[in-house]
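K.L.:
Take this structure first; my questions come after.
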Amino acid sequence: MVGFRIPFTFFCGSYRGANLFVTALREQMNVDHPIRRFMAPFTYRTIGVNDNAFHNLIRKGGHFGEWEVG
């Protein structure tokens, strides 16, 4: 659609997907599950980092706040 901002679509695809993955991993897998233990270093503070990036980069007036598609 014309007029959608790139950061919005980026947020929906990347940040949201990563946050959902980490939340599901933590809520659904046992603490001792090998996949959860393997993924722990890669998902450490993912939600906090994504939230900080969203508020600092994508907000209006931020680094990507004015880019538009179309």
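The values are calculated or read from the model by the stated rules, or taken from the named source; none is laboratory data. Quick caveat: nothing in here was measured; it's all calculated off a predicted structure. With ideal geometry, Cβ positions are generated from the backbone for all residues, glycine too; neighbour counts draw on all protein chains shown. The area values use the complete protein model at the heavy-atom level, side chains included, leaving out ligands, DNA and RNA. Shrake-Rupley method; radii C 1.70, N 1.55, O 1.52, S 1.80 Å.
K.L.:
Report the residue count in segment 18-38 for those that are surrounded by 12 or more Cβ atoms within 10 Å (Cβ to Cβ) and in contact with a helix residue (DSSP H, G or I) (Cβ under 8 Å, 6 or more places away or on another chain). Break it down into steps so the answer makes sense when it comes.
P.N.:
Keep residues of segment 18-38 that are surrounded by 12 or more Cβ atoms within 10 Å (Cβ to Cβ), which gives 18-19, 21-23, 25-26, 29, 33, 36-37.
Of the ones still in play, those that are also in contact with a helix residue (DSSP H, G or I) (Cβ under 8 Å, 6 or more places away or on another chain) are 18-19, 21-23, 25-26, 29, 36.
Within segment 18-38, residues that are surrounded by 12 or more Cβ atoms within 10 Å (Cβ to Cβ) and in contact with a helix residue (DSSP H, G or I) (Cβ under 8 Å, 6 or more places away or on another chain) number 9.
K.L.:
Restricting segment 24-53 to residues that are among the aromatic types (F, W, Y) and in a helix (DSSP H, G or I), which is farthest from S14 (Cα to Cα)?
P.N.:
Step one: of segment 24-53, the residues among the aromatic types (F, W, Y) are 38, 42, 44.
Adding the requirement that they be in a helix (DSSP H, G or I) leaves 38, 42.
Numbers: F38: 21, F42: 15 Å.
So the residue we want is F38.
K.L.:
Restricting the first residue to segment 39-53 and requiring it to be at positive phi and open to solvent by 40 Å² or more (accessible area, probe 1.4 Å), which pairs with a second residue that is modelled with pLDDT of 85 or more and assigned to a helix (DSSP H, G or I) meet a Cβ separation below 7 Å and a spacing of at least six or different chains?
P.N.:
none
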